[in-house]
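Single-structure report; data block below.
The values are calculated or read from the model by the stated rules, or taken from the named source; none is laboratory data. Keep in mind that this is a model prediction, so the values were computed, not measured. In this analysis, Cβ positions are derived from the backbone assuming ideal geometry, glycine residues included, and neighbour counts consider all displayed protein chains.
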Amino acid sequence: MFSSSRSGANAYAHVGVTTGVMGASPHKLIAMLYEGARKAVAQARMHLQMGNVAGRGEAIGKAIQIVESGLQQALNMEAGGEIAQRLNALYDYIARRLLEANIKQSEPMLVEVDGLLATLEEAWLGIGPEADRLAGAPGAPGAGPMMR
């Protein structure tokens, strides 16, 4: 479902977080992307509350970049099947909501996006032991059969 390429790592590095990216497993990279997106949303909320328009826009832009250039680009639509298609649609929705939240200066929309990302992050972290097991299997590609 997710690509083992470094495109997700590159997206994450471009938004200012580089520690641990290059040595991370594909599963860990996705976890880091979720964490980074949620931190950017939290920063956007803080800037919104403070009335800092430029900071809010920058943080929301960072979150959108992580979702689109990291999480969404890592999807393997062929191997991931319906799950990858649904995640792709959800990532599209998240990016649209972030943009709308910025335009409308809406904290409830940012809270909604953070909730969606938190749910996805929790599920992703929950499959960590299985991903590690599959990654250690002979002939295993990255973090399992759903990753490119």
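Kindly list the number of the only condition in (1) surrounded by 17 or more Cβ atoms within 10 Å (Cβ to Cβ); (2) over 22 Å from MET32 (Cβ atoms); (3) of a type in the set (Asp, Glu) that fails for GLU107. GLU107 satisfies all of (1) surrounded by 17 or more Cβ atoms within 10 Å (Cβ to Cβ); (2) over 22 Å from MET32 (Cβ atoms); (3) of a type in the set (Asp, Glu) except (1). MET109 meets each of the listed conditions (1) of a type in the set (A, V, I, L, M); (2) touching a His at 6+ places or on another chain (Cβ under 9 Å); (3) more than 25 Å from LYS28 (Cα to Cα) apart from (2). All conditions in (1) crowded, with 16+ Cβ neighbours inside 10 Å; (2) under 15 Å from GLU107 (Cα atoms) hold for GLN49, with the sole exception of (1). No other residue among ILE30, ILE94 is in a helix (DSSP H, G or I), touching a helix residue (DSSP H, G or I) at 6+ places or on another chain (Cβ under 7 Å) and closer than 19 Å to MET109 by Cβ apart from ILE94.
When ARG96 is evaluated against the numbered criteria (1) more than 16 Å from the chain's Cα centre (by Cα); (2) at pLDDT 95 or above; (3) surrounded by fewer than 21 Cβ atoms within 10 Å (Cβ to Cβ), which criterion, by number, is the only one it fails? Against the list (1) more than 16 Å from the chain's Cα centre (by Cα); (2) at pLDDT 95 or above; (3) surrounded by fewer than 21 Cβ atoms within 10 Å (Cβ to Cβ), ARG96 comes up short only on (1).
The residues of segment 52-69 that are surrounded by 16 or more Cβ atoms within 10 Å (Cβ to Cβ) and among the hydrophobic types (A, V, I, L, M, F, W, C), listed by number, are ALA59, ILE60, ALA63, ILE64, ILE66, VAL67.
Determine, yes or no, whether SER69 is more than 13 Å from the chain's Cα centre (by Cα) and closer than 30 Å to LEU134 by Cα. No. One residue alone among ILE60, ILE66 is within 17 Å of ILE30 (Cβ to Cβ), modelled with pLDDT of 95 or more and either assigned to a helix (DSSP H, G or I) or touching a Pro at 6+ places or on another chain (Cβ under 9 Å) (or both), and that residue is ILE66. Taking residues in segment 68-85 that are without any contact (Cβ under 8 Å) to a residue 60 or more places away in the chain, and partners anywhere that are surrounded by 17 or more Cβ atoms within 10 Å (Cβ to Cβ), the pairs with Cβ atoms closer than 6 Å and at least 6 places apart or on different chains are GLU68/ALA95; GLN72/TYR91; MET77/ALA84. Within segment 90-120, being closer than 21 Å to MET77 by Cβ and touching a Lys or Arg at 6+ places or on another chain (Cβ under 7 Å) holds for one residue alone: LEU117.
Working only within segment 70-89, note down all residues that are aliphatic (A, V, I, L, M) and crowded, with 17+ Cβ neighbours inside 10 Å. Across segment 70-89, the qualifying residues are LEU71, ALA74, LEU75, ALA79, ALA84, LEU87.
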